[in-house]
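Q: I am attaching a structure below and will ask some questions about it afterwards.
The values are calculated or read from the model by the stated rules, or taken from the named source; none is laboratory data. Here the structure is a predicted model, which means the values were calculated and not measured. Cβ coordinates were reconstructed from backbone atoms using ideal geometry, including for glycine residues, and neighbour counts include every protein chain displayed. Heads up: the accessible areas ignore ligands, DNA and RNA and are worked out on the full protein's heavy atoms, side chains in. Shrake-Rupley method; radii C 1.70, N 1.55, O 1.52, S 1.80 Å.
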Number of protein chains: 2
Amino acid sequence: MAGPEDGNAAMSLKSETLRDIAMKGGGYYSQATTGARDVIDGAVELLLGAVARMDLRRARPFTMTDMGCADGGTSITAVGRTLRRVRALAPERPIQVIYTDLPRNDFSQVFQTVHGLTEIPTYANDIDNLYVFASATSFHRPIVPPATLDLGFSATASHYISETPCRIANHVHMVGAEGATRAAYAEQGRRDWQSMLEIRARELVPGGRLVLLNFGIDEQGRHLGSTGGVKMFDTFARLWRELTEADTIGEEEFLNTNFPQHYRTVAEFTAPFEDPANPVYRAGLRIEHVETRIVPCPYASAFAEHGDAARFAREYIPTLRSWSETCFAAGLDPSRPLEERAAILDHFYDSYEALVRAAPEGHGMDYVHCYLVAAKSAAAA
Amino acid sequence: MAGPEDGNAAMSLKSETLRDIAMKGGGYYSQATTGARDVIDGAVELLLGAVARMDLRRARPFTMTDMGCADGGTSITAVGRTLRRVRALAPERPIQVIYTDLPRNDFSQVFQTVHGLTEIPTYANDIDNLYVFASATSFHRPIVPPATLDLGFSATASHYISETPCRIANHVHMVGAEGATRAAYAEQGRRDWQSMLEIRARELVPGGRLVLLNFGIDEQGRHLGSTGGVKMFDTFARLWRELTEADTIGEEEFLNTNFPQHYRTVAEFTAPFEDPANPVYRAGLRIEHVETRIVPCPYASAFAEHGDAARFAREYIPTLRSWSETCFAAGLDPSRPLEERAAILDHFYDSYEALVRAAPEGHGMDYVHCYLVAAKSAAAA
C-alpha cells in the first residue's frame with residue numbers, strides 16, 4: 001500500500017509549492033498559505049518560551065531542526081523569530097538550523113526561500129554566525145548526532161504513519177474507521193509516535209526542547225475539516241464511493257484508497273511522557289505544555305465575506321486536491337492508462353466542487369492541532 | 001556579466017544530471033561521467049592519507065564537506081571509501097557529511113543518490129551513526145561553524161570566479177587572454193582563492209585537512225581540452241567569432257561571452273600557503289602534497305578504439321554543450337526571442353560537431369587538475 005515515503009504528500013498540506021503559487025499571483029499566494037502559516041505563527045510564543053527556559057551559555061553550536069519542513073515557507077517567520085531570540089540571548093554562539101523532509105522534497109526551493117532568492121522575507125541574511133542545512137532523513141531515523149539537538153520543531157507532519165496497517169472497508173481515512181480497523185491505525189500511530197520520540201530523546205541535549213504541532217483529534221472529537229459543519233473526509237469517502245456505484249472505479253480501488261495517516265488524541269500524544277516505564281519518560285522527556293487549537297479555514301472565512309459560492313468552490317477545491325490527490329491516485333488500478341486515471345481524478349474533484357457550489361454552507365477545512373512542548377531534563381543523560 | 005551564481009554551470013562540467021543520463025541508458029551514463037569520476041577516484045589515496053594523519057580519537061562528530069558537489073554522483077565512491085575508513089578508525093564517533101553547492105542545485109537528486117534511491121551504489125546505508133546534510137552556502141562564505149571541519153573536499157569547482165572582472169576582446173576564456181585582461185582574471189582568481197582558503201582555515205579544526213582538486217594550468221601550460229591536440233577553448237572562440245562574421249551574432253554579443261573562470265597555475269594555488277605574511281599561512285595552513293595530473297577524455301579514448309568519426313562527434317559535443325551552453329547563452333542579446341537564441345546555439349554546436357566529424361584527430365577534452373592537500377597545524381588556533 002502507499003506509504004508517506006512514496007511521494008510528497010506530507011508537504012502538500014502545509015503549503016503548495018511556493019513557486020507554483022507565486023506564478024498564480026500574489027492574492028492566491030496569501031490565501032493558499034494563510035492557514036498553514038497561521039498554525040505555525042501561533043506557536044511563536046511557545047518557541048520563544050522554550051528558548052527562554054534554556055541555558056544558552058554554551059560554546060557548541062545551537063542546533064534547531066524543522067522536521068517535515070516542506071518548502072520552508074510556512075515556518076520562516078516562526079523560525080526567524082526564534083533564532084533571532086537565540087542570537088540576542090547568546091550573541092557569540094554559532095546557530096545551526098536543519099530543514100528536514102523526505103528525499104523527494106524540493107530542497108532547492110527550501111534553500112532559495114531561506115537564502116532570500118524569492119519574494120518571501122527571510123531571516124537568514126540578518127543573523128550572523130548562522131548555518132543553514134537540509135537533511136533528507138525521515139524523522140523515524142536519527143537526523144543529527146546524539147546529544148546535539150537544542151530545539152526540535154515539527155509542524156503538521158507526524159500524522160503520516162510509516163505504513164498503512166490495513167485497508168479501511170467503508171471509508172478512506174481512519175477518522176471514519178471503527179473497531180479492529182480503527183485500533184490497527186491507532187496502534188501504528190502509537191508505534192510511530194513512540195519511535196519518533198525515542199529518537200528525538202537521544203538527539204536532544206539535556207535541557208533541550210521539542211515543540212511539536214500535530215494534526216489530532218481534540219477533546220470534542222473535532223479534527224481537520226470536521227469542526228461542526230460538513231465533514232470533509234466523509235465527503236471524500238462518499239464521493240469516492242459514488243464512483244464505484246457508477247462503475248467508474250472498482251471495489252478494489254475503493255478499498256485500496258487509504259490515507260496513510262493517524263490523527264492522535266491528546267491522550268495518545270501525551271502517553272509516552274507520562275508512563276514511568278516508557279523509554280521516552282525514562283530518557284527524561286516531560287511535557288511542559290499541551291493544548292489543542294483550531295485555526296479556521298481561510299477559504300471558508302473568505303466565503304463568509306464575499307458570499308460567492310462558485311468562487312468559494314473554485315478556490316477551495318484546489319487546496320484539498322493539492323494534498324489528497326496522491327492518496328486517491330495511489331488507490332487507482334495502475335493498469336489503467338495514465339490519462340484514464342487523470343480523468344477519473346478530474347471528475348472526482350469536479351464533483352466535490354459542484355457539491356460545494358450547490359450547497360456551500362458548512363464546507364471548509366479548519367485545522368485542528370495539538371500543540372505540545374516537551375523538555376529533556378537537564379539531569380538526563 | 002554572467003557569474004557562477006547565475007546558473008548551475010559549476011556542476012554541469014562534473015557530471016550531467018544523473019537522472020537525465022539514466023534516461024539515455026546505461027552506456028551513455030558510464031561514458032558521460034567517467035572522466036569526472038576518474039578525476040575524483042584518483043584522489044582516494046590522498047583522502048585516505050589525510051585521514052590516516054589525523055587524530056580521530058575525539059568525541060565530537062567527524063565532519064566532512066563536499067564543496068561544489070553537483071548531484072553527488074561523481075564523488076560517491078571516493079566519499080564512501082573515505083568515510084568507511086573513518087568509521088574503521090573511530091568506531092564510536094558520529095560522522096557528518098555535508099554536500100554543498102549553489103541554491104539552484106538539484107539537492108533532491110543529491111539526497112536520492114546518497115540515500116540509495118537511484119541505481120548508483122552508495123555508502124550511506126552501511127555506515128552507522130552517519131548524518132548526511134546539504135548546504136546551499138557558497139564556498140566564498142562560511143559553511144560550517146568555526147573549528148568544526150575535519151576534512152574539506154572539493155573537486156572541479158573553484159575555477160569559477162565570483163565575478164568576471166572584464167570582457168575578453170578576442171577570446172571567450174581567460175586561457176586565450178593576454179596582458180591587462182589576463183592579469184585582471186588572475187587577480188580575481190587570486191582574491192577568490194584567498195578568501196576561499198581563509199574561510200576554510202576558520203572552519204577547520206586543528207589537525208584538519210583540505211583535499212582540493214581544481215582545474216588548473218600545469219607546468220607545461222596544459223589545461224582542460226588543451227593538452228597537445230586541438231585546443232578546445234580556441235575552437236569555441238573561433239566558431240563563435242565566425243558567427244559574428246556571418247552576422248549571426250553581433251560584436252557586442254561576442255564581447256559579452258566570457259567564461260567566469262580562472263585556471264590557476266601551481267604557483268597561484270600554493271602562494272597563500274607559502275608567504276609567512278599571508279592570513280592563510282598565519283592560520284596554520286600548510287601544503288602536504290601538490291601535483292598536477294591529466295585524466296584522459298573518455299570520448300577521445302573511445303574514438304581511439306572504435307575509429308568512427310561521426311560517432312565520436314555525436315557523443316562528444318553534447319558533453320561540451322552541457323557545461324558551456326550557459327556561458328554562450330548568457331552572451332546573446334536578451335532582446336532576441338528565446339527561440340532565436342536557441343537556434344543560434346543549436347547552429348553553433350552543430351558547427352563544432354561538423355568540425356570534429358570532418359577532422360576528428362586531436363579533438364578531446366582531457367582534464368588537467370591540480371591535486372592539493374593541506375593541513376591546519378595541530379597547534380593552530
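Q: Ignoring ligands, DNA and RNA, what accessible area per residue does chain A give at 1.4 Å, in Å²? Kindly include the intermediate steps, with their values, before the conclusion.
A: Numbers: 14440 Å² over 381 residues.
Per residue, chain A has 38 Å² of solvent-accessible surface.
Q: Same structure again: Using only Cα atoms, find the angle between the long axis of helix B:309-331 and the longest principal axis of chain B, and express it within 0 to 90 degrees, rounded to the nearest 10.
A: 80 degrees
Q: Relative contact order of chain B: what whole-number percent is it, with Cα pairs under 8 angstrom and at least 6 residues apart?
A: 21 percent.
Q: Skipping prolines and chain starts, which residues have an amide H placed within reach, meaning under 5 Å, of the one on A:TYR99, given they are 5 or more residues away or on another chain?
A: Placed amide hydrogens put A:ASP66, A:PHE133, A:ALA134, A:SER135 under 5 Å from A:TYR99.
Q: Whose amide H sits under 5 Å from the amide H of A:GLY208, counting only residues 5 or more places off or on another chain, with H placed in the peptide plane?
A: Long-range HN contacts for A:GLY208: A:LYS376.
Q: Quick check: the distance between the Cα centres of region B:52-110 and region A:31-65, to the nearest angstrom?
A: Between the Cα centre of region B:52-110 and that of region A:31-65, the gap is 29 Å.
Q: Kindly compute the accessible surface that chains B and A hide from a 1.4 Å probe when together, both sides summed, and give it to the nearest 100 Å².
A: In total, chains B and A hide about 2000 Å² from solvent.
Q: Given contacts defined as C-alpha pairs under 8 Å and at least six residues apart, what's the relative contact order of region B:96-138, whole-number percent?
A: Details: 45 pairs, mean separation 26.6, N = 43.
Once divided by the residue count of region B:96-138, the mean separation gives 62 percent.
Q: Per-residue mean of other chain beta-carbon atoms within 10 angstrom of the beta-carbon, peptide B:105-113?
A: Shielding by partners across B:105-113 averages 6.
Q: Taking springs between alpha-carbon atoms closer than 10 angstrom, which of B:ALA155, B:ALA186, B:ALA302 fluctuates most in the Gaussian network model of chain B?
A: Between B:ALA155, B:ALA186, B:ALA302, it is B:ALA302 that shows the largest mean-square fluctuation.
Q: Using a label point 7 angstrom from Cα along Cα-to-C-beta, what distances in nm, from shortest up, separate B:GLU163 from the other copies?
A: 5.7
Q: Using 0.36 nm times the number of residues separating A:CYS166 and A:ALA379, minus their current alpha carbon distance, what extension gain do you get?
A: So the extension gain works out to 72.5 nm.
Q: Using a 10 Å cut-off on Cβ to Cβ distances, tally the other chain neighbours for every residue of B:114-125 and report the average as a whole number.
A: Mean shielding count: 1.
Q: Can you give the local net charge around B:LEU204? Use residues other than it whose beta-carbon is closer than 10 angstrom to its beta-carbon, Lys and Arg +1, Asp and Glu -1.
A: +2
Q: Continuing with the same structure: Counting only other chains, what is the mean number of Cβ atoms within 10 angstrom of the Cβ of each residue in peptide A:90-103?
A: Mean shielding by partner chains, rounded to a whole number: 3.
Q: List the distances, in nm to one decimal, from the label point of B:ALA342 to the label points of the same position in every other copy, shortest first, placing each label point 7 Å from Cα along the Cα-to-Cβ direction.
A: In nanometres, ordered from closest: 1.9.
Q: Next up: Under 5 Å between amide hydrogens, which residues at least 5 positions from B:GLU288 or on another chain qualify, with H placed 1.01 Å from N in the peptide plane?
A: B:VAL373, B:ALA374, B:ALA375
Q: Now a separate question. Would you mind putting B:335-345, A:139-149, B:144-154, A:339-349 in packing order, based on average other-beta-carbon counts within 10 Å, highest first? Can you show the working numbers first?
A: Working: B:335-345: 12.6, A:139-149: 20.2, B:144-154: 23.1, A:339-349: 15.0.
For the peptides B:335-345, A:139-149, B:144-154, A:339-349, the packing ranking is B:144-154, A:139-149, A:339-349, B:335-345.
Q: Would you mind telling me the share, in percent, of accessible area of chain A contributed by carbon and sulfur at probe 1.4 angstrom? If you can, show how the numbers build up before the last one.
A: Numbers: 7350 of 14440 Å².
Reported share for carbon and sulfur atoms: 51 percent.
Q: Going 7 Å from Cα along the Cα-Cβ axis for the label, what nanometre distances separate B:ARG191 from the same residue across the other copies?
A: 6.0
Q: Then there is this: Would you check the protein assembly as shown for Lys pairs whose C-alpha atoms are within less than 29 Å, ignoring same-chain pairs closer than 8 in sequence, and give me the count?
A: Going through the protein assembly as shown pair by pair, I get 8.
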